[in-house]
Structures are given as structure tokens and as C-alpha cells.
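*Asks:* Before we start, here is the structure in question, set down as C-alpha cells.
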Amino acid sequence: MGTITKKFRLIQKVKDENFDIDAINQYELCLELAMDGFRVCVIDAQNSRCMWLEDYRLSSVFFTEQLLDQLQQIYEDHYFLRAGFWKSVRVAIRNQFYTLIPGSLFKKENADQYLDWLKEESPPEAQTVLHYRHANYDFINVFAIESRVLEWFDDTYPSLNVEFIHQSSSFIEGVIQNGTYSDLKSMYIYMEGSYLTIVVTHEKHLEFCNTFFYASPSDFVYFVMFVMNELKLNPDTVRLVLYGALTHDSAIFEQLYKYIRHVSFGDKPKSLRFSYHFDEVFDHQYFNAYNIYLCE
């Protein structure tokens, strides 16, 4: 891989006091990967408990080779990541190259074609198209991953069947399985970097999911109001729940609150238990990482 230059920072680390290195075979390793970040979440699914969380910020990563260089160094210095006897390993990919297909229309042999409309935005590096079936809701998430990233994880865990999903799948499963429902539709937003993912549900049914690039708080609000208008949602009655890298004092939150009556920040998943050590992070901040384990 050439010379490895350390350009990542560990910006968050939380450990449950009951984490046991000798019990890794009972834990699920959930990883979240993007060109600007890498997260580690360890779940004891048997006891529905989050055991470990790490958040790495990557910098100066523009190509897959640079990404893999940083991953390699994180793994070489890590306490347990290289262990090969996890109960399961799941990798959630965060990018914009995905689409949702109704289960009745999906054909595996046509998977590549479902992403054709994204060709102009696709990076030049070789990609592999994968899919994840949301069995309880009868739709398929078709997504692309850089082929060398897929191969790197397969080589890193040769004795395990590494499962790959798109980050939007963990968000969808998280809001549907952990949501509180009424007769009204709900809008959920996950913000990371310069992208926001909007999910709209009605009871336990997915009605909308898409990811948008934004350059300013005004852009952010524009996309939210655009989706509301398209779906005929009433800003005075719809419930908007925010997740990800947002804070109460952000310009985005202030602008949203001008137009939408019921805006709130999300909670940690009700399906998991957290020790008091996790009180140091915002409840809404790592929602997607916590819910990767739901994508079985």
C-alpha cells in the first residue's frame, strides 16, 4: 500500500465496563465507513447492550488507496479489531450510490442497472454492486461499494462472512423498529458531513428515502421543505426528528424551527441498553452506527 501517513484522529471512544475481550465470539462487530470517517460499534445482541463505540475522523482521503492506508493503520494499532472470531461482522457503507427497489420488482441479475442513473456521479474506481433485502418491509436497497474496499474486509476476516449494507439501511431499520407511531406521518433526518438523508414513515411503512447534498443551512431547509411539499406534509402537524451531527444551537436547527412546529432530536435506540458511560455523547449522534446490528 506504500508509505502510510497517519492522518486520522480518534474523536470519540466509549467503553461499557462489562466489555470482555474473551467474549468477542458472542459480540457483533458493526463498522461504518466513509471517505471521511470510520466508526466501530460492538453490540452484545444476546443482552441487547452496546459495549463499545469509537469514532475516527479521516483527513486527506480522496482515493480508495488512501482510505485503505488509514484503515490498515487503525487496525494495526487496535486492541481487538483484527480478531477473527466475532459472532458477526457488518460493514455499513456511507455514500450516495444507492437506490431502493420494491421487492416484487427486484431482479438480482439486473442489480447493476438499477444504479445506471447514478453513473455520471460515480467515481472512476472499480465498484461492486450489492443489495440488502429489508425482509419485513418488502424492499431492496441496491448500493455500490469500491471493489478494493470489499476485498480488503474479506481478506481481513478470512474465516468470517463479512456482511455489507448501505448506511441508509441501518437508518431505515433504526427509525422503523424504534419509532413511536401515530396516525400522522413522521419525518426523520440524518445529517453527516455535507449530506442529509430524509426518511418519511407512516406507522411502520416506509414512504420516502433519499439523500441530498447541501452547502448551507438554507439548502438544508430547502430540501426538507421540498420533500414536505412533494409528500403534502403539513409543517404544523408533521413530526420531524433529527439525528447525526446536529446541535441545538446550530443554524440549521434554528432555521428548521422557523418553518416546522414539531422539531426534536432523536434518542438512542430503545432496542439497546447503554451504560452511563454513553451519557457523554448526544443521544442522537451515533444512531446509524448503533442500528447496524439490526440489518441481519
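*Asks:* Of the numbered conditions (1) at pLDDT below 90; (2) among the hydroxyl-bearing types (S, T, Y); (3) farther than 19 Å from C295 by Cβ, Y137 satisfies every one except a single condition; which is it?
*Replies:* The number of the failed condition is (3).
*Asks:* Testing I101 on (1) among the aliphatic types (A, V, I, L, M); (2) in a strand (DSSP E or B); (3) touching a Phe, Trp or Tyr at 6+ places or on another chain (Cβ under 7 Å); (4) buried (at least 18 other Cβ atoms within 10 Å of the Cβ), one condition comes back false. Which one is that?
*Replies:* (4)
*Asks:* Among residues belonging to the range 224-262 that are among the polar types (S, T, N, Q) and assigned to a loop (DSSP other than H, G, I, E, B), point out the one that is farthest from F287 (Cα to Cα).
*Replies:* Among residues in the range 224-262 that are among the polar types (S, T, N, Q) and assigned to a loop (DSSP other than H, G, I, E, B), the one farthest from F287 (Cα to Cα) is N234.
*Asks:* Show the residue pairs that are 6+ apart or on different chains and have beta-carbon atoms under 9 Å apart, the first residue being within the range 51-74 and closer than 29 Å to R273 by Cβ and in the same structural domain as Y290 (by TED's automatic domain parsing), the second being at pLDDT 95 or above and hydroxyl-bearing (S, T, Y).
*Replies:* M51/Y27; M51/S275; W52/Y27; L53/Y286; L53/Y290; D55/Y286; I74/Y56
*Asks:* Answer yes or no: is there a residue in the range 62-73 that is under 22 Å from M191 (Cα atoms), in a strand (DSSP E or B) and either charged (D, E, K, R) or at pLDDT below 95 (or both).
*Replies:* The first filter runs over the range 62-73 and keeps only residues under 22 Å from M191 (Cα atoms), leaving 62, 67.
From what's left, in a strand (DSSP E or B): none.
Checked against the condition, which is being under 22 Å from M191 (Cα atoms), in a strand (DSSP E or B) and either charged (D, E, K, R) or at pLDDT below 95 (or both), the range 62-73 yields no hits at all.
*Asks:* Oh, and also: Could you identify the single residue in F164, F171 that is in contact with a Leu (Cβ under 6 Å, 6 or more places away or on another chain) and under 30 Å from R82 (Cα atoms)? Full working, then the answer.
*Replies:* On the way: F171 fails: in contact with a Leu (Cβ under 6 Å, 6 or more places away or on another chain).
After ruling out the rest, the residue left standing is F164.
*Asks:* Here's a follow-up. State whether one or more residues within the range 202-221 are buried (at least 20 other Cβ atoms within 10 Å of the Cβ) and under 30 Å from D16 (Cβ atoms).
*Replies:* There is no residue in the range 202-221 that is buried (at least 20 other Cβ atoms within 10 Å of the Cβ) and under 30 Å from D16 (Cβ atoms).
*Asks:* Would you call E28 under 19 Å from the mean Cα position of the chain (by Cα) and either under 20 Å from N291 (Cβ atoms) or at pLDDT 95 or above (or both)?
*Replies:* On the way: under 19 Å from the mean Cα position of the chain (by Cα): yes; either under 20 Å from N291 (Cβ atoms) or at pLDDT 95 or above (or both): yes.
So E28 fits the description; yes.
*Asks:* Please indicate, with yes or no, whether at least one residue in the range 267-285 is in a helix (DSSP H, G or I) and either of a type in the set (F, W, Y) or under 19 Å from the mean Cα position of the chain (by Cα) (or both).
*Replies:* Yes, the range 267-285 contains a residue that is in a helix (DSSP H, G or I) and either of a type in the set (F, W, Y) or under 19 Å from the mean Cα position of the chain (by Cα) (or both).
*Asks:* Quick test of your reading of the structure: K204 fulfils all but one of (1) modelled with pLDDT under 95; (2) out of contact with any Gly (no Cβ under 9 Å at 6 or more places or on another chain). Name the failing condition by number.
*Replies:* Only one criterion in (1) modelled with pLDDT under 95; (2) out of contact with any Gly (no Cβ under 9 Å at 6 or more places or on another chain) is unmet by K204, namely (2).
*Asks:* For the range 7-27, indicate whether the set of residues that are within 23 Å of V149 (Cα to Cα) and of a type in the set (D, E) is non-empty.
*Replies:* no
*Asks:* Take the range 163-205 and flag every residue that is among the aliphatic types (A, V, I, L, M) and more than 21 Å from R57 (Cβ to Cβ). First the steps, then the outcome.
*Replies:* Keep residues of the range 163-205 that are among the aliphatic types (A, V, I, L, M), which gives 165, 172, 175-176, 184, 187, 189, 191, 196, 198-200.
Listed by number, the residues that qualify are I165, I172, V175, I176, L184, M187, I189, I198, V199, V200.
*Asks:* A further question follows. Where residues in the range 264-296 are out of contact with any Lys or Arg (no Cβ under 9 Å at 6 or more places or on another chain) and under 23 Å from Y137 (Cβ atoms), which of them is surrounded by the most Cβ atoms within 10 Å (Cβ to Cβ)?
*Replies:* Among residues in the range 264-296 that are out of contact with any Lys or Arg (no Cβ under 9 Å at 6 or more places or on another chain) and under 23 Å from Y137 (Cβ atoms), the one surrounded by the most Cβ atoms within 10 Å (Cβ to Cβ) is N291.
*Asks:* Of the residues in the range 20-61, how many are hydroxyl-bearing (S, T, Y) and in a strand (DSSP E or B)?
*Replies:* The total comes to 1.
The values are calculated or read from the model by the stated rules, or taken from the named source; none is laboratory data. Computed from a prediction, not measured in an experiment: that's the story for all the values here. So basically every Cβ, Gly included, is an ideal-geometry build from the backbone, and we count neighbours across all protein chains shown.
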